[in-house]
Amino acid sequence: MSETIVGNDLQQAIHLLDNGECVAIPTETVYGLAANALNEEAVLKIFEIKNRPHFDPLIVHTHSINEIEKYVEAIPDWALQLMNKFSPGPITYLLQKKNNIPDLVTSGLNTVAIRIPEHILTLELLRNLSFPLAAPSANPFGYISPTTAFHVKDQLDSKIKYILDGGDCNIGVESTIIGLENNLPTIFRVGGIAVEEIENVIGKVQIRIESSSNPHSPGMLLSHYAPRKPLLFDKVEENLKLNSDKRTGIISFFKKYDAVENENQIQLSPNQNLHEVAKNLFAAMRKLDAANVEIILAEKFPEIGLGRAINDRLKRAAKK
Ligand code: TXA
Ligand code: MG
């Protein structure tokens, strides 16, 4: 295939998706690699382009709660309360699927992961399609998720025809995934909506985010979001000493480290704002992955609000 085109031509994106092709789309979390969720052949292309194993199910994107109703058996009360508060937004619901959702999308599970992304261009796109979009993050399987159109082009060039450019992603980490376990609302991936925010609406929830390399349940492969270079999470001072013979890059909250050259360290938020950290995290990982360093050290962030999702991604990036 020839070079991938990057642009903001909705008609072009609609045309390709209508014809069963994949298009990269912007969302508030990360860029997605989208295709018609009701068309198995189109969905198959997503798995092929990403090199993604078929046992890892996809998230379905729609533009409204009414649309969600077309694809799930029911919207239970806890989910409806969260939808009314947070959707469109960075939260995904695991709900009993209807038969119109192909098994390929859900890897044979009887639940479908479904969400309403909060991005003007993509909402407009979804309103102009007669089907929902299945879309995993638009990166090769296992690598860092893309938060700019350039990141997508960098890795999927010539593998897709079109990238719909909606600018930098505002949230920067993937959506929070919530479903039921033993009939209790349970978070299976921490993400763009904080646990505290969810508990403010529906009360205490369970958290099940530690997982093996065999995610028959909510897809949390341990080694994920990883740069090519080794990343060491937490205990930065200690790791600096242990690796004093290596060229090192550092991802920190706001602190500067004297032992490392300025150009190889990134302070994610000098104002100590976790939203800003989340927004810039993946770009920082990519930058240091491409820099002239041998290893990347990353601080542990406060385990509150978005800090949980940030630490979760760094921990997984470190598990290579
Ligand atoms: O923010 C996001 O959610 C982004 C944007 C593009 O929407 N998408 C995203 O997709 O992060 P992906 O494929 O990278 O991650 C989807 C996760 C996987 O870990 C998958 O295993 C899980 O959702 N998942 C999908 N369907 C599921 C289901 N029925 N039950 C449990 N987990 C499911
Ligand atoms: Mg992903």
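From GLU48, GLU40, GLU28, which residue is among the charged types (D, E, K, R) and free of Cβ contacts under 8 Å to residues at least 24 places away in the same chain?
After ruling out the rest, the residue left standing is GLU48.
So which residues in segment 24-59 are of a type in the set (Asp, Glu) and under 14 Å from the mean Cα position of the chain (by Cα)?
Once the filter is applied, which keeps residues that are of a type in the set (Asp, Glu) and under 14 Å from the mean Cα position of the chain (by Cα), segment 24-59 yields GLU28, ASP56.
Counting only residues that are within 16 Å of ligand 2 (Cβ to nearest atom), out of contact with any strand residue (DSSP E or B) (no Cβ under 8 Å at 6 or more places or on another chain) and not basic (Lys, Arg), how many does segment 30-77 have?
So the answer is 7.
If we keep just the residues of segment 180-210 that are among the β-branched types (Val, Ile, Thr) and part of a loop (DSSP other than H, G, I, E, B), which is farthest from GLN81 (Cα to Cα)?
ILE209
Any read-out appearing in this document is the output of simple, stated calculations on the displayed coordinates, not a laboratory observation. Since we're looking at a predicted model, the values are computed, not measured. Every residue, glycine as well, gets a Cβ built from its backbone with ideal geometry; the counts of neighbours run over all protein chains shown.
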